[in-house]
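Written below as structure tokens is the structure these notes are about.
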Protein chains: 2
Amino acid sequence: MIEVRVLIVEDEPLIAEDIATALINNDFTVSAIVYSKDDALAELKNNPPDLVVLDINLNGGEEGIEIAKVINEKYFLPFVYLTSYSDKLTLIHAKNTEPAGYIVKPFSDAGLFAAMEIAVYNHAQKSKLRFPELNDDVINRHLPSPLSEREFGVVQLIYNGKTNNQIAEDLFISINTVKAHIKNIHQKLDADSRSTLIARLRKLMTN
Amino acid sequence: MIEVRVLIVEDEPLIAEDIATALINNDFTVSAIVYSKDDALAELKNNPPDLVVLDINLNGGEEGIEIAKVINEKYFLPFVYLTSYSDKLTLIHAKNTEPAGYIVKPFSDAGLFAAMEIAVYNHAQKSKLRFPELNDDVINRHLPSPLSEREFGVVQLIYNGKTNNQIAEDLFISINTVKAHIKNIHQKLDADSRSTLIARLRKLMTN
DNA sequence: GTCTTTATTACCCTTTAGGGTAGTTTTTAG
DNA sequence: CTAAAAACTACCCTAAAGGGTAATAAAGAC
């Protein structure tokens, strides 16, 4: 079991405490409880959690949504809104920030737990989509002259930051051979250095 | 408007033609119509589309689902199932392959169009998650000694395959300065070459 | 105002990478 | 079986990157 650190952003201390207790009972760790947007942003920067519980209506406004936007822009973290079904307009704004879930007040222990679990799970799924492994089919369909299997093997090692020497050792071939392969790879991918090669690979993998 | 090339996999030629006509009427391009799994795989390899319309029940079996699995493993393409609500077990299998949508037979022109639009849109959203831009906050929270703004600027250029000279030109500074920055960056990120640096950046961005 | 961090530059030297040419050995396809 | 493609190797040379040291200027913190 991996520790999940939760940041609670809620301006009503009693509710915040309730949530904290419920979370701890369900094997979560509370990284901090904050009562304002500024404190929330500071916590995100200095003591980043794995998940954020976010009251939509902070200090009478929609500060929760502003925090959500910052999370989406600057941090790759899941967050769940705390909501009491206030006004519909706020809920529309909230939905557009793509929250991992909602906790509706008053909440039950089980409901909280379920929302958190789903949030963590969905975020793990999303994580898998980021920086996927190189795939020869995806790459080759963009190339006039496709990479051979061996060349693709070399490409993967370059992509993972290996030097020519390390590649030679890994593949049990001479460094001269490695260089020859890289020469051909550079031609096929129109690159002239490892780093431009890697940048091009990323591009090919997204299209 | 960008051309969307659609591969149709459907063993009943009449239905396939219907779909093709409807697609063309809705400004899609049909890259090919195939009637078997083997032909579908060949098309994916040799003439890759942007989207696949996939009959679940090909040749009496569940070949459509097998094709879907290959698409998920080897290609990063959205696909929509063609289904006639046959048996529930098949539908469960189909759901597990994460299709971008379903087209239910008999389909209407509008229904087809909607399903395709949604599929294309969702796929574009997913694409954004792949290989995201570097983010200094995300990177710095993993580092004991964070990157300065300038260093992060250099990092981004390295990440995009620029040489030291190009970086110097881009930032209007001396190549010696660039080298000094890179030296510090390497220390902070525990790297000793551009490519290991890039690999490490990827790793930091996913955690 | 001083101290610290960041940014800037220079010089030197070593290692790594990249590009050209050329050759042999496997593998694979027709 | 033969031709073509892919894999492997060597050698040479140039360019780029990386690491050490050191010094000045600018910006921010206290």
Quick one: is A:T206 buried (at least 18 other Cβ atoms within 10 Å of the Cβ) and facing chain B (nearest Cβ under 10 Å)?
no
Does segment A:177-196 contain any residue that is at the interface with chain B (Cβ under 9 Å from one of its Cβ atoms), modelled with pLDDT of 95 or more, assigned to a helix (DSSP H, G or I) and in contact with a helix residue (DSSP H, G or I) (Cβ under 6 Å, 6 or more places away or on another chain)?
yes
Among the residues of segment A:21-79, how many are in a helix (DSSP H, G or I) and either among the polar types (S, T, N, Q) or not assigned by TED's automatic domain parsing to the domain that holds A:H93 (or both)?
4
Can you tell me which of B:F79, B:F152, B:F113, B:F131 is hydrophobic (A, V, I, L, M, F, W, C) and farther than 20 Å from B:D50 by Cβ?
B:F152
Residues in segment A:130-149: is at least one part of a helix (DSSP H, G or I), touching a residue at least 24 places away in the same chain (Cβ under 8 Å) and closer than 20 Å to B:R130 by Cβ?
yes
Out of segment A:64-75, which residues are open to solvent by less than 50 Å² (accessible area, probe 1.4 Å), more than 23 Å from A:A22 (Cβ to Cβ) and away from chain B (no Cβ under 14 Å)?
A:I65
Number of the condition not met by A:D136 [criteria: (1) open to solvent by 50 Å² or more (accessible area, probe 1.4 Å); (2) near DNA strand C (Cβ under 10 Å from one of its atoms)]
(2)
Could you tell me how many of the residues in segment B:175-203 are open to solvent by less than 20 Å² (accessible area, probe 1.4 Å) and either farther than 28 Å from A:H123 by Cα or within 9 Å of DNA strand D (Cβ to nearest atom) (or both)?
6
For segment A:143-174: of the residues being open to solvent by 20 Å² or more (accessible area, probe 1.4 Å) and closer than 19 Å to B:R194 by Cα, which is farthest from DNA strand C (Cβ to nearest atom)?
A:Q156
Could you tell me how many of the residues in segment B:131-155 are among the charged types (D, E, K, R) and more than 12 Å from chain A (Cβ to nearest Cβ)?
3
Does segment A:109-117 contain any residue that is within 26 Å of B:K203 (Cα to Cα) and either at pLDDT below 95 or within 16 Å of DNA strand D (Cβ to nearest atom) (or both)?
yes
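The values are calculated or read from the model by the stated rules, or taken from the named source; none is laboratory data. Bear in mind that the values here come from a model prediction, so they are computed numbers and not experimental data. Neighbour counts are summed over all protein chains in view; Cβ atoms, including those assigned to glycine, are modelled from backbone coordinates with ideal geometry. Heavy atoms of the whole protein, side chains included, go into the accessibility calculation; ligands, DNA and RNA do not. Shrake-Rupley method; radii C 1.70, N 1.55, O 1.52, S 1.80 Å.
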